[in-house]
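Below is one structure; the comments refer to it alone.
Readers should treat all values here as calculations from the given coordinates under stated rules, not as data from a laboratory. What you see is a predicted model, and the numbers here were worked out from it, not measured in a lab. Cβ sites come from the backbone with ideal geometry, for glycine too, and all protein chains shown count toward neighbours.
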Amino acid sequence: MPTKKRVLAKTWEEFCKLTKRIPEEFPADAISKRSIADFKLSTMILYYNGGKLPDFTDGQVWKYEPWWRIVKDDKHPSGFGLSYRVYDNWRTFTAVGPRFAFLDSDVLEHMVKYFINDYIDLIL
């Protein structure tokens, strides 16, 4: 079930302005592309989930996550692909922690569309 509508940022800088953060300010241990992407994505997802981490023990609440299909090509030898119109409910086979799960499929779709490069940095 979708959560209430929020203003959805299209860039990290826009998100930081919306939430009164400093865009260049990251935790001290965020020193790689992967750790910066982890911080950015988990921070935005937590905000868009209303400050709540999804409870995977509650089968009454729908949870959404991107499902990735890795496709090898010349630019990405390990591949990269995306299918995001998928949800997991009570019987979850998720491989992500709750910090990367969404409570609203529309927010998931938006995040994947506008923050795909952060997902690439996180996963590949």
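With r as the distance between the Cβ atoms of L46 and V7 and R0 = 22 Å, compute the FRET efficiency 1/(1 + (r/R0)^6) and round to 0.05.
Numbers: r = 16 Å, r/R0 = 0.72.
In this case the efficiency is close to 0.90.
Pairs K17/K75; K52/K75; K40/K63; K40/K75: which are spaced more than 28 Å apart, C-alpha to C-alpha? Don't skip to the answer; put the middle values down first.
Numbers: K17/K75 33 Å; K52/K75 37 Å; K40/K63 20 Å; K40/K75 24 Å.
Over 28 Å Cα-Cα: K17/K75; K52/K75.
Using a 10 Å cut-off around each Cβ, can you sort E24, E109, E65, E13 from fewest to most neighbouring Cβ atoms?
Fewest-to-most ranking of E24, E109, E65, E13: E24, E13, E109, E65.
Along Cα→Cβ, 7 Å out, is where each label goes; now give me the distance between the ones at D73 and I116 in nm to one decimal.
0.9 nm
I want to check the label-to-label distance for E109 and F26. Put each point 7 Å from Cα in the C-beta direction and report it in nm to one decimal.
3.0 nm
Give the order of T11, T43 when sorted by the count of other beta carbons within 10 angstrom, beginning with the fewest.
On the way: T11 11, T43 18.
Neighbour counts put them in this order, fewest first: T11, T43.
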